[in-house]
Every structure is written in structure tokens, then in C-alpha cells.
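Visitor: Have a look at this one before I ask anything.
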Amino acid sequence: MLLEARGITKAFGSFKAVDDASVTLEQGDILGLIGPNGAGKSTFFNCLTGDLQATAGRVLFEGRDITDLPPEGRAELGLARTFQVPQTFEGMTVLENVMIGAFLRTSHRAEAETKARGVLERVGMIRLADAPARSLGTPGRKRLEIARALATEPKVLLLDEAMAGLTAREVQLAIDLVRDIHRSGITLVIVEHIMEVIMSLASRVMVFHQGKEIACGSPREVTSNPAVIAAYLGTRAAKAAAGHAPIELMGGPNT
Ligand SMILES: Nc1ncnc2c1ncn2[C@@H]1O[C@H](COP(=O)(O)OP(=O)(O)OP(=O)(O)O)[C@@H](O)[C@H]1O
Ligand SMILES: [Mg+2]
């Protein structure tokens, strides 16, 4: 087992944003995490990456207990993530942003640059290497986040709404990129409201509602699950999801 979370709870005061959630991730999985706004997806995600310290529960990576490791320590082991709201270093170039990821594995500038250029080639952004990051629009920023994460050479990549705010065409390109990343041997967890993305990429889907898992299974299983339809999809959207129609549920990028 690559990644395992056991009984994760995250409380903010008396409110449990995540309430006793568990998940296992095997090498080669693409796990989709869906649910309404405020369901606790990002909070759960942040407990896996160490950006938030869980109130209770354990996180294991390749059998090792990483619950008390900070995000950097988890990244060194091979856990990378993107943020729902891109964390772009505005004053730097695109290349320099990706080099920040590469510096996790090397302290040599030239080596970090070579690696970052390789990643930019791979994600189709090499032409923008010297552009200031602040000149990028939403699709560019989302892709830059993925590039920076890839530069850390992860075993597991967690994408938090990496496609929110993209046009249908841009979503297709991003799906292709995720497929390419997966083919290269990286295991993925994707939080996404765009059902088309979940239906075409996820091998397994976990559904969150009010901090708890209410369903888990194949994309088809969860989209026909009455509890999931009631809590999240609604009947019309469930039909659309089953037909792979591009539908984005309940808004896009927010914090
Ligand atoms: N730092 C915090 N302090 C207090 N409450 C928080 C904090 N972070 C998140 N919450 C609350 O926890 C709940 C879960 O939020 P979370 O961001 O995990 O939801 P989400 O499923 O990612 O939603 P979305 O689809 O909108 O991104 C929400 O009610 C949110 O307001
Ligand atoms: Mg979120």
C-alpha cells in the first residue's frame, strides 16, 4: 500500500470538517475525491499532505507513519500536491517557480534548472519558461502548479481542483496531461467538481459529505448511488455524468 489514512478527524473548534475518514491508495490508482462545497475534501487532502495537522488519526506512506512529519518531510518521501488556489511566486519566472520544486532533490542551481526545463517541456510550457509567473492566466497557473509538483519527483500527486476555471478544451488538455503523468508511474488523488474529469480518469471514487465518506466505488457505482445523488449530484447531473457530459457541479475555484 502506498498511502493510507486511518480515522482522520480534523476539528476547527467544535466543528469537525473531517470526521473519521479513512482511505487507502495503491500504486497506480487514480483516486477521485468528490462532494459538495464544504464537504471537507481539501481539509482531508491537507491532512494527507501535512499542510494541516489532523486532530485524530494516522497517515502512513509506504507503511511508515508520517502523521507527525511536516509537508517538506512528506514531499521528500514522494508526496506532492497542488493547491486549490494556485500558490504562484508572482515575482519569479515560470522556470524559477518550477525550480523551487526541483530544489527538493538537488541544491545545484544548474541541475535544478535542467530538471525544471525538462518538466516544462513535458507539460507543454517550455516556451513560457522566461515569462513572469504573474503574466499567466488561470490555465497557466494551474499547469504551473502541476509542473512544480512534478519537479519534486513524486510517487503520489494530489491535485486539488487542478481543472477548475478551465474551458472545456483546456479541461481536455489537462485530462491528457494527467493521463501522461499516470502513465509515467505516478499515483494520483484528484479532487474535482468537473464530473467529466472524474468519470474519465478515476479508477475509484470516494464521496465526501459533511466530513464523512458516504460512498466509495467505481465512477459508475458512485454516480448511480442514491445517497450520492441526493447529497451531491442531483438526478440530472448524475445522468449527465453517466453520459460523460462535461458538467461542473457547484462552482469552481474558491477557498
Ligand atoms: N481553517 C479553517 N478554519 C475553520 N473552518 C474551516 C477551515 N478550513 C476549512 N474550514 C471549514 O471546513 C469545511 C470543509 O472545508 P473544505 O475546504 O475542506 O471543503 P471542500 O470539500 O474542499 O469544499 P470546496 O469544494 O468548496 O473546495 C467548511 O465548512 C469550511 O468552512
Ligand atoms: Mg476544496
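The values are calculated or read from the model by the stated rules, or taken from the named source; none is laboratory data. Every value quoted in this text rests on a predicted model; they were computed, and no experiment measured them. Neighbour counts are summed over all protein chains in view; Cβ atoms, including those assigned to glycine, are modelled from backbone coordinates with ideal geometry. For the accessible areas, the whole protein counts, side chains as well, though only heavy atoms, and no ligand, DNA or RNA atoms are used. Shrake-Rupley method; radii C 1.70, N 1.55, O 1.52, S 1.80 Å.
Visitor: Can you tell me the accessible area per residue over segment 24-102, all protein chains present, probe 1.4 angstrom, in square angstrom?
Guide: 37
Visitor: Next question. Under a straight-distance cross-link criterion of Cα-Cα below 14 Å, which aspartates and glutamates are reachable from Lys212, leaving out those fewer than 8 residues away in the same chain?
Guide: Once the sequence-local aspartates and glutamates are set aside, what remains near Lys212 is Asp19, Asp20.
Visitor: Also, I was wondering about something else. Leu233: accessible area at probe 1.4 Å, nearest 10 Å²?
Guide: Spelled out: Leu233, probe radius 1.4 Å, area about 10 Å².
Visitor: In a shell of Cβ-Cβ distance under 9 Å around Gly7, excluding Gly7 itself, what net charge do Lys and Arg (+1) and Asp and Glu (-1) give?
Guide: In short, +1.
Visitor: What number, in nm² with one decimal, is the all-direction average of the projected area of the convex hull of the alpha-carbon atoms of the chain?
Guide: Numbers: hull surface 51.5 nm².
Its average projected convex-hull area is 12.9 nm².
Visitor: Hey, if you drop one equal point scatterer on each alpha-carbon of segment 55-128 and run the Debye formula without solvent, what base-10 log of I(q)/I(0) do you get at q = 0.14, 0.17, 0.22 Å⁻¹?
Guide: -0.57, -0.77, -1.05
Visitor: Probe radius 1.4 Å, ligands and nucleic acids ignored: give me the carbon and sulfur share of the accessible area of segment 1-150 as a rounded percent.
Guide: So the carbon and sulfur contribution to the accessible surface is 51 percent.
Visitor: How large is the convex hull of the Cα atoms of segment 98-167 per residue, expressed in Å³ as a whole number?
Guide: That works out to 91 Å³ per residue.
Visitor: Rounded, prolate or oblate for segment 74-114? Axes are the square roots of the Cα gyration tensor eigenvalues, ordered a ≥ b ≥ c, and the cut-off for rounded is a/c under 1.5.
Guide: The shape class here is oblate.
Visitor: Do any trypsin sites (Lys or Arg not before Pro) in segment 101-158 lie in a DSSP loop with no more than 15 other beta carbon atoms within 10 Å, and if so, which?
Guide: Those that pass, being in a loop and sparsely packed, are Arg105.
Visitor: Here's another thing I want to ask about it. Over the C-alpha atoms of segment 115-208, what are the Rg and the largest Cα-to-Cα span, Dmax, in Å?
Guide: 13.1, 40
Visitor: Under 11 Å from the Cβ of Val18, count the other residues' Cβ atoms, weight Lys and Arg +1, Asp and Glu -1, and hand me the total.
Guide: Result for the local shell: +1.
Visitor: Okay, next question. Any idea how far the Cα center of segment 76-113 sits from the one of segment 1-43, in Å?
Guide: 25
Visitor: Once the Cβ-Cβ distance between Ala11 and Ser203 is put in as r, and R0 is 45 Å, what FRET efficiency do you end up with, to the nearest 0.05? Intermediate results must be reported in sequence, preceding the final value.
Guide: Working: r = 31 Å, r/R0 = 0.69.
Calculated value: 0.90.
Visitor: Let me ask something additional. Based on the alpha carbons, how large is the Rg to Rh ratio for segment 1-116 when Rh follows Kirkwood?
Guide: 1.02
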